[in-house]
Amino acid sequence: MNVLGLSGSPRLGGNTSQLLHEALRGAESAGALTRFIDAASLDISGCLHCDYCARTGDCKLNDDMQLIYEALSHADRVIIASPLHFMSVTAQLKAAIDRCQCLWARKYLLSRPPIEPEKPRKGLFIAAGGRKGQTLFEPARATVKALFIVLDIEYTGELFFSGVDGPGAINNIEGAMSKAFEAGRKLVE
């Protein structure tokens, strides 16, 4: 079982990255092989909406997004983690999500599987936000769910933490790391 952890955190070792690493540790405890990719450290251009992918199913841009496409092809499970920026995923992660437009084109325009090889995949979304409120995570959840639908990844869970504002704040939330570990473990069992 291969688990891809895709981080949108622009802060190295930030709250969300810590949660994602703990979830990956949980997946490893259940026997999975894991891979961590930090979208913020990659050179990923935004989608040009040039429609090249509508004809080919591939993106004409050749940058670090190729690493994510390749990692998705090997993944049996996908964990996406992002802090909230204006109630959505970070710009760095959103650029990667937008670049999955070519995978949308494969599926909906060219009637091909979005990710080869075609196999059952499951996914988890982890997010942390600075403020509190019932609807805090709704925009980010909608974005990740839409991505998972396009990629034929079953949205099997989420782990949200509000009131996480500032470096290390996740360490003040009792049980946060154990919940992340358990979520990662359960994702592969």
Can you tell me which of SER9, SER17 is within 19 Å of PHE137 (Cβ to Cβ) and part of a loop (DSSP other than H, G, I, E, B)?
-> SER9
Could you list, in sequence order, the residues of the range 59-75 that are in contact (Cβ under 8 Å) with a residue 60 or more places away in the chain and closer than 21 Å to ALA146 by Cβ?
-> ILE68, ALA71, LEU72, ALA75
Checked the range 135-148 for anything surrounded by fewer than 20 Cβ atoms within 10 Å (Cβ to Cβ), more than 11 Å from ILE97 (Cβ to Cβ) and in contact with a strand residue (DSSP E or B) (Cβ under 7 Å, 6 or more places away or on another chain); matches are PRO139, ARG141, LYS145
When every residue in the range 31-45 that is part of a loop (DSSP other than H, G, I, E, B), open to solvent by 40 Å² or more (accessible area, probe 1.4 Å) and small (Gly, Ala, Ser) is compared, the one farthest from ARG185 (Cα to Cα) is SER45
Which of the residues that make up the range 111-132 are more than 14 Å from the chain's Cα centre (by Cα), open to solvent by 40 Å² or more (accessible area, probe 1.4 Å) and more than 18 Å from ASN15 (Cβ to Cβ)?
-> SER111, ARG112, GLU116, PRO117, GLU118, LYS119, PRO120
Picked from the range 59-68 (must be assigned to a loop (DSSP other than H, G, I, E, B) and open to solvent by less than 70 Å² (accessible area, probe 1.4 Å)), the residue nearest to ALA40 (Cα to Cα) is ASP64
Among the residues of the range 149-189 satisfying the criterion of being within 14 Å of the chain's Cα centre (by Cα), free of Cβ contacts under 8 Å to residues at least 40 places away in the same chain and open to solvent by less than 60 Å² (accessible area, probe 1.4 Å), which is farthest from ILE126 (Cα to Cα)?
-> TYR155
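The values are calculated or read from the model by the stated rules, or taken from the named source; none is laboratory data. Everything quoted here is computed from the prediction, not taken from an experiment. Using ideal geometry, Cβ is built from the backbone for each residue, glycine included, and neighbour counts are taken over all protein chains shown. Protein only, heavy atoms only, side chains kept; ligands, DNA and RNA dropped before computing areas. Shrake-Rupley method; radii C 1.70, N 1.55, O 1.52, S 1.80 Å.
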